[in-house]
Amino acid sequence: MDSTFGICGKDFVIVACDTAVNRSIFTLKHDDDKIMQLNKYKVMACSGEQTDRSSFSNLIMRNLQLLEYRTGHEPDVESTAQFIRSEMAVALRKAPYQTNVLIGGYDLIERQAKLYWMDYLGTLQQVQKGAHGYAGYFVNSVLDNDFKSDMNLEEGIAEMKKCIVELRTRFIINQPNFIAKIVTADGVQVINLA
């Protein structure tokens, strides 16, 4: 019942998630940050079962840190997305993770922001807007109507707020809190969209 969605402008990426942890008919937690900061310029938002989401996020973050330590350089956004896809594909054949991922980051070499959409089967696609979970049923229409590839950061924040209003208006499940992270050339910053 997670809601994860994001947009990519030319010089920013915004990824947002609800902060509730639900199990069956119970809400277990209201303040879970489902967006993991992989480094100064990359974030990974996960949706799915809480244990799979937590395990997969930690596996990816630790292995990326190990890869950076071994090679001496930090992989770019696309290489990071491909690495995450390969880890998901390997796990799919052993013990699959029931988690969907949005990977956002700012590429310092190409000087542009990138957003990648990946599902639990390891299907990876670079997108300008994307959503996972039940949010996809509601926010994709908002994003299709209002998204522009040349929007600035303020317009992007307003677009994400429209998505949250749509979820609160139409979605039967109560998701009172959302967290969002913006990635720009200055790094990652957390914003409150409520």
> Where in the chain are the DSSP H helices whose C-alpha atoms run 15 Å or more along the long axis and whose mean Kyte hydropathy is at least -0.5?
Replying inline: 77-92, 135-146, 153-170
>> Quick check for me: using +1 on Lys/Arg Cβ and -1 on Asp/Glu Cβ, what's the dipole size of segment 12-93 about its Cα centre, in debye to the nearest 20?
In response: 160 debye
> How much length is gained if the chain between V90 and Q189 is pulled fully straight, taking 0.36 nm per residue apart and subtracting their Cα-Cα distance, in nm to one decimal?
Replying inline: 32.5 nm
> Say each of D107 and Q82 gets a label point 7 Å from the Cα, pointing the same way as Cα to Cβ; how far apart are those two points in nm?
Replying inline: 1.1 nm
>> Please list 3J(HN,Hα) in residue order for segment 37-46, calculated via the Karplus relation 6.51 cos²θ - 1.76 cosθ + 1.60 where θ = phi - 60°; whole Hz, with x for glycine and proline.
In response: 7, 6, 6, 5, 10, 9, 10, 9, 9, 10
> What's the center-to-center distance, using Cα atoms, between segment 174-194 and segment 65-127 in Å?
Replying inline: 20 Å
> In nanometres, what is the gap between the two model label sites at K29 and D146, each 7 Å from Cα along Cα-to-Cβ?
Replying inline: 3.0 nm
> Using DSSP loop states and a limit of at most 10 other Cβ atoms within 10 Å to flag trypsin sites (Lys or Arg not before Pro), what is the longest stretch of the chain containing no flagged site?
Replying inline: 1-92
> Relative contact order for segment 62-194: what is it in percent, counting Cα pairs under 8 Å that are at least 6 residues apart?
Replying inline: 17 percent
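Only the coordinates and a few stated rules stand behind these numbers; no lab work does. Because the structure is a prediction, the values reported are computed rather than measured. Glycine also receives a Cβ, built like all others from the backbone with ideal geometry; neighbour counts cover every protein chain displayed.
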